[in-house]
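Working notes, structure below.
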2 protein chains.
Amino acid sequence: MELAEAKQKFIEAWGKLGSEWGINRTMAQVHALLLVSPEPLTTEEVMENLNISRGNANMTLRDLMGWGLVEKQHKAGERKEYFFADKDTWNIARQVAKERRKRELDPVLKILGELTKVEGDQKDPEFKTFNQSITDINKLAKNVDKTLDTMLKAEESWFWASIFKIFR
Amino acid sequence: MELAEAKQKFIEAWGKLGSEWGINRTMAQVHALLLVSPEPLTTEEVMENLNISRGNANMTLRDLMGWGLVEKQHKAGERKEYFFADKDTWNIARQVAKERRKRELDPVLKILGELTKVEGDQKDPEFKTFNQSITDINKLAKNVDKTLDTMLKAEESWFWASIFKIFR
DNA sequence: CTAAACTTTCAAAATTTTTTGAAAGTTTAG
DNA sequence: CTAAACTTTCAAAAAATTTTGAAAGTTTAG
């Protein structure tokens, strides 16, 4: 397989995975493109490479910076901005986990916390089932949250070594 | 807060979380509704409760069965089908993890595997960066895959006990 | 058999999400 | 200052996804 074709496949696959997990396909594709680019790229280059408009490229690059996955660079004597992706996979994973927790998990955790406090008659099957489900989901969510906390602070090698020590 | 209001909030929150993670909002809402229903519900009841059409309710319920989260039940002497959700949170988590791995992670893992085999000149920065990124992502993905494997086979209490034994 | 009671299908409509592109905004070289 | 170089914004258009509902299909009681 040619390098150019391989890059293309990676960009497609990353875009598809992203969109399946609720990440804008274009954002995932731009991220993929930057991940396989040794040098920082300009907005212009991103536009050409992925056939997207200036507006789209600009917004997507800013989103990626908002996610902490990409940073702006400047070249001496040049006016335009260059964009460079952090290539450290563990950093990427932590950053994504951190953002998604903040944006999507935390709000649900807050609501679940409130819902566990709803009072009612344990003799009422409607209440009992509601209460049981909410309580159980809340417990699981809190365990996930605690594990994410550890992961966010952890070094990659230590994290996986620890995991596989028990899980073989 | 009233039970009815609390149910509504849960259904909304679950639907929102689902849609943020690439799960059809209605599917997540139907699942939420069944999770807080002590008795199995008919298609009719799901339609009324969530204000959705018959076609939508039917397709969504079948999808939920496809995900292994809901099962059909029949009442003696009755012709219509009743739907009941497994309320065991750990089962739900495992089932979702299992399906998403099969549908979304495995295909990407396959592609990454192929892409790690692409050959090129290590002196070429384009190739070197591509190769490094793909190799790293592949490694991470494999570690996630292995961990999921363990989780899928594990008992809940054992799993979390093991996790928290190392992580603190 | 047959008609009532249900379930399934899927093309078209509605809705939501994403993208475009041109105008407005900003920065800086000269 | 001012005009060129570049970035940002956002209303409108396009695309993707989801939903509807009525027709077709299936099952079973009588």
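Couple of notes before you dig in:
- The magnitude of the dipole of chain B, with charges of +1 and -1 set on the Cβ of Lys/Arg and Asp/Glu and taken from the Cα centre, is near 360 debye.
- Based on protein heavy atoms only, chain A ends up with 54 Å² per residue of surface accessible to a 1.4 Å probe.
- For segment B:1-122, the pair-distance distribution built from all alpha carbon pairs, in bins 5 Å wide starting at 0, is 2, 10, 17, 21, 16, 11, 7, 5, 4, 3, 2, 1, 1, 0, 0 percent.
- Cross-link partners of B:Lys117 among lysines, defined as those whose alpha carbon lies under 17 angstrom from its own and excluding same-chain residues fewer than eight positions apart: A:Lys7, A:Lys9, B:Lys128, B:Lys139, B:Lys142.
- Relative to the Cα centre, the charge distribution of the protein assembly as shown, modelled as +1 at Lys and Arg Cβ and -1 at Asp and Glu Cβ, gives a dipole magnitude of about 600 debye.
- Using the Cβ-Cβ distance between B:Lys9 and B:Glu104 with R0 set to 35 Å, the FRET efficiency works out to roughly 0.75.
- Take each residue in B:110-116, count the other chain C-beta atoms within 10 Å of its C-beta, and the mean is 4.
- Neighbouring partner chain Cβ atoms per residue of A:151-162, average, 10 Å criterion: 2
- Around the amide H of A:Thr42, modelled in the peptide plane, lie the amide H atoms of A:Phe83, all under 5 Å away and 5 or more residues distant in sequence or on another chain.
- Summed buried accessible surface, chains A and B, 1.4 Å probe, nearest 100 Å²: 5200
- Total charge dipole magnitude, segment B:3-85, about the Cα centre, Cβ charges on Lys, Arg, Asp, Glu only, Debye to nearest 20: 120
- Computed from label points 7 Å out along Cα-Cβ, the spacing between B:Glu114 and B:Met59 is 2.9 nm.
- Share of carbon and sulfur in the accessible heavy-atom surface of segment B:89-166 [1.4 Å probe, %]: 54
- Accessible-area composition of segment A:3-85, carbon plus sulfur, in percent [1.4 Å probe]: 47
- For a label point 7 Å along the Cα-to-beta-carbon line of B:Gln132, residues of segment A:12-44 with backbone N under 16 Å: A:33-41
- Among B:Leu152, B:Asn138, B:Ile111 the positive-end extreme of the charge dipole of segment B:89-166 (Cβ point charges): B:Leu152
- Inter-chain Cβ neighbour average for residues B:87-98, partner chain, 10 Å: 2
The values are calculated or read from the model by the stated rules, or taken from the named source; none is laboratory data. What you are looking at is a predicted structure, and each value in this text was computed from that prediction instead of being measured. In this analysis, Cβ positions are derived from the backbone assuming ideal geometry, glycine residues included, and neighbour counts consider all displayed protein chains. The protein model used for the area step is the full one, side chains on, heavy atoms only, and it has no ligands, DNA or RNA in it. Shrake-Rupley method; radii C 1.70, N 1.55, O 1.52, S 1.80 Å.
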